[in-house]
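Just below is one structure, and these are the notes that go with it.
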Amino acid sequence: MQKKISVVVPCFNEEAVLPALFDRLGRAAATWQADCEFICVDDGSRDRTWEILKAQNARDARWRGLSFARNFGHQTAVSAGLHFAGGDAVVILDADLQDPPEEISRLLQKWREGYEVVFATRTQRKDPPLKKFLAWGFYRLLQKLTPLPMARDAGDFCLLDKKVVAVMNAMPERNRYLRGLRTWCGFRQTSVEFERAERAAGVAQYTFKKSFRLAMDGMFSFSTVPLRLATYLGLAVSACAFLGAVFTFCEKVFADTFAKFGFTPGPHGIPTLVISILFLGGVQLICLGILGEYIGRIYEEVKGRPIWVIRDSAGLLPPGKN
Ligand code: UDP
Ligand code: MG
C-alpha cells in the first residue's frame, strides 16, 4: 500500500503567499510517489487567509484546514496540525516558503532510509543581523543549559514519523517548544542541511516579542539550571560576606600588621553599605523572578484549559463538531 505523507502548515495573515504555497507545494508533492494531505492551520488570521484556505479545500480535497478562534501562536498551530495529521510521516513547513517545499524530498529520502526524525538545519539565515545574532546566542546557551542534545540552528522544518507524532500528541503541555519536544522523544534522528530562503511574500509574523517568548519557553521548559542559579549566587554572595567578616575581624586584632600594608580599621562608609544592600536586593529579585517564571508556567499548566480552540474547519471535522 502506498504511504501517506501529511504536511502541516501554520498560517497567520499569509494571504499574500498562499497561492505560491499551493502551487510550489503541490508541484513538489507530485514527485513524492505517495498519497498526500496538506493541513493548513489558520492561527486566527485577520486577513483573508481562512477564505483562501476554504476555497482551496473546495478545489482539491487533499488541502484541509482548521481555523483557530484567535491567535494562539505558531507552536500551538503546528501542534494542532500534528494532532489531525493522519500520514505515515508528517512534515512541518512554514507558509512563507522560507523552508523550500522542494527540499522535502530529501527529508523523505532519509525517512525511507529508516530515520524517524529528520530535521533541517540552516546553513545560512537570511534574517536581519540582530535576529541572527540573538538566535546564534540562544541556541548555544540552550545547549549548555539542557541535558538534551538540542541541535543548533534547527528550526521547525522537519519530518516526523507517525510513531514520533503519536508521542508528541500525547504530551499535554501548553508551553510547546516543539524543537525541544522533538529532541526529547529520541528515536533515530538525523539532519539535512539547507539554505533558508527569504520570505516569498507578506511580512514576518514572528515579532521580536513572540520570538523572545519562544526562546523563554525553550529555556524554562527544558532546563532547571536557572533555578540552581539562585543557589550558586547565594553561595557566592555568602562566601564574599564571610571573607569580608574574617578580614574585618583580623583588621581589628592584627591592627599593627595590617597598618603596615595600609589597612586601618575605621568606620566603613555609607557607600559600602548602600552597595551591599543594593547588590543583595538585586540578587534576591533576580532569584524571585526566576522562581516566578517556573511558578507562572506551573499555573498555566494546572489550569488545564484547552491548548487551542477551533472556530471552523475544512475537510477535517464534521460540521458542528469543533
Ligand atoms: N505563524 C503562526 N502564528 C503566529 C506567528 C507566525 O502561525 O502567531 C506562522 C506564520 O504564518 C509562518 C510561520 O509561523 O508560517 C513562521 O512565521 P514567520 O515567517 O513570521 O517567522 P520567521 O520566519 O520570521 O521566524
Ligand atoms: Mg518566515
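Structure summary
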{"quantity": "Cα→Cβ-extended label distance, 7 Å offset, between N169 and L288, nm", "calculated": "4.5"}
{"quantity": "Cα-based Rg of region 1-135 normalised by 2.2 N^0.38 Å, two decimals", "calculated": "1.06"}
{"quantity": "Formal net charge of residues neighbouring G26 (Cβ-Cβ distance under 10 Å; K, R +1; D, E -1)", "calculated": "+1"}
{"quantity": "Among G44, G292, G155, residue whose mean-square fluctuation peaks in a GNM of the chain (springs only between Cα atoms under 10 Å)", "calculated": "G292"}
{"quantity": "Cα gyration tensor shape for region 100-220, rounded if a/c is under 1.5, else prolate or oblate", "calculated": "oblate"}
{"quantity": "Segment T190-R305, extension gain: residue separation times 0.36 nm, minus the distance between their alpha carbons", "calculated": "38.0 nm"}
{"quantity": "Simple label model, 7 Å out from Cα along Cβ direction - A34 to A204, nm", "calculated": "3.0"}
{"quantity": "Environment charge of M171, counting only residues whose C-beta is closer than 15 Å and scoring Lys/Arg +1, Asp/Glu -1", "calculated": "+2"}
{"quantity": "Region 1-53 and region 77-154: distance between their alpha carbon centers, rounded to Å", "calculated": "17"}
{"quantity": "Percentage relative contact order, the chain, counting C-alpha pairs under 8 Å, at least six apart", "calculated": "22"}
{"quantity": "Equivalent-ellipsoid semi-axes of the chain, from the Cα gyration tensor, Å, largest first", "calculated": "52, 20, 18"}
{"quantity": "Leading residue at positive end of dipole, region 206-290 (Cβ point charges), from T224, C240, F254", "calculated": "T224"}
{"quantity": "Three-way shape label, region 75-119, alpha-carbon gyration tensor, a/c 1.5", "calculated": "oblate"}
{"quantity": "Distance (nanometres) between label positions extended 7 Å along Cα→Cβ at V253 and F212", "calculated": "5.1"}
{"quantity": "Point-charge dipole on Cβ atoms (K/R +1, D/E -1) for region 7-59, about Cα centre, debye to 20", "calculated": "160"}
{"quantity": "Where GluC sites (Glu not before Pro) fall in DSSP loop in region 173-267, at most 15 other Cβ within 10 Å", "calculated": "E173, E198"}
{"quantity": "Estimated 222 nm signal from helices in the chain, with DSSP H stretches of n ≥ 4 weighted -39500 (n - 2.57), rounded to 500", "calculated": "-16000 deg cm²/dmol"}
{"quantity": "Helical segments meeting 27 Å axial Cα length and Kyte-Doolittle 0.0 threshold in the chain (DSSP H)", "calculated": "225-253, 270-303"}
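Every number here is computed from the coordinates shown, using simple stated rules; none is lab data. Since the model is a prediction, treat every value here as computed from it, not as a measurement. In this analysis, Cβ positions are derived from the backbone assuming ideal geometry, glycine residues included, and neighbour counts consider all displayed protein chains.
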